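Derivation of every value follows stated rules applied to the coordinates shown; laboratory data play no part. Source: prediction; values computed, not measured. Heads up, the Cβs are rebuilt from the backbone with ideal geometry, glycines too, and the neighbour counts pull from every protein chain shown.
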Amino acid sequence: MERAKQTTDLPDRWALWATWAGVAGTFLALLSQLRVVDLDMFHQMALFREALTQGWVPRDDVFAYTPTVSPVVHHEWGTGAVLYLVTVAAGTGAAGLMILKYLLAAATAGTCVGCARRRGADPWLIAWLAVPAMVIGRIGFTTIRAQVFTLLLLAVLLWLLDEDRRGRRWWIALWLPLFVLWLNLHAGFVVGFGLFGLHVVEQTLRALGQGATWRQLPRRVGHLAATGAAMVALLGVNPYGYKYVPYLLHAIGLERPLVAEWRPLWQMFSGSEILFPIVYAITLAVVVYAVACRGVRKLPGLLLVLAAAYLAARHFRHLSLYAVVWICYVPAYLEETGLERAVRQTAIRRKKPLTAFWLVVAVLGVIGAGANRFWQPRMPTAQGEEQPGVPVYPAGVVAYLAERGFSGNLMVPFDAGSFVSWKLFPKVKVSLDSRYEAAYPPEAADCSVRFYGAAPDWKAILRRDPTDAVLVARGCPLDAAFEAACGQADPDAPFDWRLVYRDDGFSLFARSDFAAGWPRVDRRGKPIPAGFP
């Protein structure tokens, strides 16, 4: 009987590998659904290209003709440098972009699994729990936003903090350079800073709970306090120096109504989005179950998990951060619980059907990823072909302006400015782009919303700045209002603009005197090519 018990307890290597193959196939299929090129990439790369021209990252805006803030603190400049060097300087283009995306995703997933394993989590349990983590975490693995770097570095930080719990100190020498790298890639390093602070709090409480006196605390957590102080000092190691700090304090509390991802999770109980709060609730239930089974004292890192869960509830965008923290910590919380035993016993006793199931999942995942053309980034150019929140690129308008040799000021919607700057700067300056608070005063976004919503004062907004042409997304209220105004013949208040270009994505209106001799082009119903970079 003892031998039979040992045989039952031993994991089947082939079944486990099949399970992980299914998980990997699922992850690839999910990632392949997010191939639309992130619009922020273009202002990031445009900035780095200009930095190469000037010899340093500019602190004053060079891309807009409208009022901007000073200094312009672009917290994602390092991401722009990586993207530019990988795709443009190295000449890899779209292929390099996709390779970088999947490498970053694989590195993040591998680090998370490694962190969970070294904390003692069962590999079967990690594999099964990886599924809900991937469902809610996949939104962070776009093509490619700066947050992808944050997800990887967050996983590395959690690994290093586990080294600290084991009483080791070598990790500090590695962490501080990584921290400097992180703060130059993305302002998401603030999350890492906050979780580090919670780790200090937790370690202090554990030391006190183990009988340490206040005088003994410096020996237990003094190295963490010194590391935190070093992190504060290192905040100035960036192109903007310590001016980075007031920008961060302003940006952290800023509302972003134009960005759907900043909605709270409780506003997403509708349509296909309802899956995210449901899976989020399931992951929280697992945490509650672990606390009930094992108690708070046996769950190191629980403060970090709860903080990440709070951030995810506040903003949909932070679900991916929570997913990383959850999969790193929670599988180990379930050790020696009924759930862990049930998963392990089911995986081993039903290994044949489960092996077949996971192999089918792996194959279907690869087939689905292939059907999605996982190797190819997408740049939509027609309105209505994408879901809300997915950028549509004015490639046709950009080509038209380039052919005309246009040099001037172009008013653009929020999500089109960075692409225009990447393609047409320095000849063309834009009214706005998705840098948001990093470059523009708060009223700029509100003004853009009113203008493109054809508010009663839209003509006054048009006259406020020296605009030469206006880019309008097809279907938005301004499109019809602008065209109607162009047809008005009012000698007392002439509207000296005319429609010069139109396709299925955008209309272009230009001042009559500025666009004299420009042909009117109508490309509706025709494909508009848009390639990266």
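A compact table of results
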quantity	calculated
Alpha carbon convex hull of region 126-239, volume per residue in cubic angstrom	121 Å³
Sequence-distant lysines (8 or more away, or on other chains) whose Cα lies within less than 27 Å of Lys459	Lys427, Lys429
For region 56-133 versus region 491-533, the gap between their alpha-carbon centres in whole angstrom	36 Å
Answer label for Cα Rg over 2.2 N^0.38 Å (calculated), chosen among [x] 1.10; [y] 1.06; [z] 0.99	[x]
Nearest 10 degrees, 0 to 90: helix 40-54 Cα axis against the chain principal axis	70 degrees
Rounded to the nearest 20 debye, dipole of region 395-522 from Cβ charges on Lys, Arg, Asp, Glu	320 debye
Fewest-first sequence of Cys476, Cys486, Cys447 by Cβ atoms within 10 Å of each Cβ	Cys486, Cys476, Cys447
The chain - mean residue ellipticity at 222 nm from DSSP helices (-39,500 (n - 2.57) per run, n ≥ 4, rounded to 500)	-18000 deg cm²/dmol
Calculated SAXS-style log₁₀ I(q)/I(0) at q = 0.14 Å⁻¹ - region 395-522, Debye, Cα scatterers	-0.58
Under 14 Å, Cβ to Cβ, from Ala207 - net charge with Lys/Arg +1 and Asp/Glu -1	+4
Between helix 217-233 and the chain: long-axis angle, C-alpha atoms, 0 to 90°, nearest 10	10 degrees
Ranked Thr337, Thr467, criterion: other C-beta atoms within 10 Å, fewest first	Thr337, Thr467
Candidate lysines for bridging to Lys351, where Cα separation is under 30 Å - those fewer than 8 sequence places away on the same chain excluded	Lys5
All-pairs alpha carbon distance profile, region 62-212, 10 Å steps from 0, percent	9, 30, 33, 19, 6, 2, 0
Rounded tilt (10° steps) of 189-209 against the dominant C-alpha axis of the chain	20 degrees
Likely footprinting exposure, Trp266, Trp171, fewest C-beta neighbours within 10 Å first	Trp266, Trp171
Cβ-Cβ FRET estimate between Leu364 and Arg294, R0 fixed at 22 Å, reported to 0.05	0.05
Three-way shape label, region 73-360, alpha-carbon gyration tensor, a/c 1.5	oblate
Quotient of Cα Rg and 2.2 N^0.38 Å for region 69-129, N being how many residues it contains	1.67
Lysines whose Cα lies under 25 Å from that of Lys526, excluding same-chain neighbours fewer than 8 positions away	Lys423
Cys residues of the chain counted as unpaired, since no other Cys beta-carbon is under 4.7 Å	Cys112, Cys293, Cys447, Cys476, Cys486
Residue-span extension gain [Ala212 to Ala90] - 0.36 nm each, minus C-alpha spacing	38.4 nm
